[in-house]
1. Taking the stretch 180-217, which residues are of a type in the set (A, V, I, L, M), surrounded by fewer than 18 Cβ atoms within 10 Å (Cβ to Cβ) and either part of a helix (DSSP H, G or I) or in contact with a His (Cβ under 6 Å, 6 or more places away or on another chain) (or both)?
2. Residue under question is Asn94, and the condition is that it be under 27 Å from Cys306 (Cβ atoms) and either assigned to a helix (DSSP H, G or I) or modelled with pLDDT under 95 (or both); does it hold?
3. Looking at (1) in contact with a Pro (Cβ under 9 Å, 6 or more places away or on another chain); (2) modelled with pLDDT under 90, can you tell me which one Asp345 breaks?
4. Considering only residues that are over 25 Å from Cys329 (Cβ atoms), surrounded by fewer than 14 Cβ atoms within 10 Å (Cβ to Cβ) and either at pLDDT 90 or above or of a type in the set (A, V, I, L, M, F, W, C) (or both), which ones fall in the stretch 348-390?
5. Applying the selection to the stretch 254-274, what residues are under 25 Å from Thr351 (Cα atoms), of a type outside the set (D, E, K, R) and surrounded by fewer than 16 Cβ atoms within 10 Å (Cβ to Cβ)?
6. Quickly run through the stretch 220-244 and pick out the residues that are farther than 14 Å from Lys331 by Cβ and either surrounded by 17 or more Cβ atoms within 10 Å (Cβ to Cβ) or without any contact (Cβ under 8 Å) to a residue 24 or more places away in the chain (or both).
7. Pairs needed: first member in the stretch 39-58, at negative phi and surrounded by 11 or more Cβ atoms within 10 Å (Cβ to Cβ); second member anywhere, among the aromatic types (Phe, Trp, Tyr) and in a helix (DSSP H, G or I); C-beta distance under 7 Å; at least 6 residues apart or different chains.
8. Quick one: in the stretch 1-38, which of the residues that are closer than 16 Å to Ala222 by Cα and surrounded by 18 or more Cβ atoms within 10 Å (Cβ to Cβ) is nearest to the chain's Cα centre (by Cα)?
Amino acid sequence: MGLRQLFPAMYTLPDKSSVKSRQATLYLLNCIFLMGIRTPPRGCCLFLIYVAWSFALNLCSTFYQPFGFMIGYVSHLSEFSPGEFLTSLQVAFNACTCSTKVIIVWIFVKRFDQANALFDELDKQVLEPAERGRIHRAVSQSNRIFFVFMSVYIIYATTTFISACINGVPMFQNYYPFLDWRASRQQYWLQSCLEYFTMFGACFQDVCVDCYPINYILPLRAHMANFAERLRGLGHDPQESSEERYEKLIECIKHHKIILSFCDTLRPIISGTIFVQLLVVGLVLGFTIINIVMFANFASRIASLCFMTAVLLETTPFCILCNYLADDCMKLADALFESNWIYQDERYKKTVLLFLQSLQKPIVFIAGNVFTISVATNLNATKFSFSVFTLVKQMNIAEKLSRPNGTE
């Protein structure tokens, strides 16, 4: 069985096929269901299995993992080598943000279904083959991006596990009650497998809470491109009466309101998750760069590079999309201005003027109601990593960490 049969939504449908924008979130929502934060299925047996799985995954990855890092530092900080400590520390910060983002998504998870319902409303306006093709390409691209995210995150977890096995220590040396990996090989492998399961679950969660903005915004941009073509064609049909042209204009205004409602539906989730990630992305990347340059061996460098890629994926693609989205709004205004409005009656012109003012307002997402999500914001956040690296170099912290205990 090929990939097309297993994952059909990854492949672009013919232009004549019916449009279903919600297919862009098919695998995303399936994975969110597997995260254990959706409504449990009906049926006693399935209900109990789902609740048990949700409890195990979220207990290990969402709630306990940040505390496991902290207690491990307090209990055995002197036993960490500098490379092991930085490998653990870079993940500890990201684990805390992942847990926070999972809780935010958990609170607003029903908004994903509301956004898909609005996708269905937008699909009703897609009539031409060229318009269908644009949506089909956005759907397949969204699903492929989701699997790229999944691959990068899982590769990081696996390479870190392999590196830990080579070095003979658990991945992060988290604290687990009644378990001491130093006592025996059995306990070492038990802790290593437990940490791998916890990190695998955290990566699985991270994919969902980081990729959902892309899976929703890419099809939205395709709808906006189709909408721009509709706006540009207003008033050009000589067989239409003035009343029919006005009705078409009103339909376009309603269509624009659906687009704005779609963005408002996702805005609280995006605002919370991106804000949390932007707060720590520079610090996490700074620790990772220090580890790669100063302490890591070959296997650890591979794992750290995968981790750096995963961290950059958490904010950069969506920040780029936000810039494109603002440009799309200006294209809508330009398209309306290029329509045949100048020869219409006074009522039509006044409505166009008001609509034009609305279209000129860009769709903007604000992270935590503090700063605009954009490429500039992402660059400012990631540049902090170089400040962290420079500070460590100037204070000779790396040399001090490398000294054996008791030396001056």
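The values are calculated or read from the model by the stated rules, or taken from the named source; none is laboratory data. What you see is a predicted model; the values in this text were computed from it and never measured. Note that each Cβ is placed from the backbone with ideal geometry, even for glycine, and that neighbours are counted across all protein chains shown.
1. Our first condition is that a residue be of a type in the set (A, V, I, L, M); within the stretch 180-217, this holds for 183, 190, 194, 199, 202, 207, 209, 214, 217.
Now restrict to residues that are surrounded by fewer than 18 Cβ atoms within 10 Å (Cβ to Cβ): 183, 190.
Correct list: Leu190 only.
2. Details: under 27 Å from Cys306 (Cβ atoms): yes; either assigned to a helix (DSSP H, G or I) or modelled with pLDDT under 95 (or both): yes.
It is true that Asn94 is under 27 Å from Cys306 (Cβ atoms) and either assigned to a helix (DSSP H, G or I) or modelled with pLDDT under 95 (or both).
3. Going through (1) in contact with a Pro (Cβ under 9 Å, 6 or more places away or on another chain); (2) modelled with pLDDT under 90 one by one, Asp345 breaks only (1).
4. Of everything in the stretch 348-390, just one residue is over 25 Å from Cys329 (Cβ atoms), surrounded by fewer than 14 Cβ atoms within 10 Å (Cβ to Cβ) and either at pLDDT 90 or above or of a type in the set (A, V, I, L, M, F, W, C) (or both), namely Phe386.
5. Correct list: Leu260, Ser261.
6. If the condition is that a residue be farther than 14 Å from Lys331 by Cβ and either surrounded by 17 or more Cβ atoms within 10 Å (Cβ to Cβ) or without any contact (Cβ under 8 Å) to a residue 24 or more places away in the chain (or both), then Leu234, Gly235, Asp237, Pro238, Gln239, Glu240, Ser241, Glu243, Glu244 are the ones that fit.
7. Final answer for the pair search is Pro40/Phe47; Pro40/Tyr50; Pro41/Phe47; Pro41/Tyr50.
8. Among them, the one singled out is Thr25.
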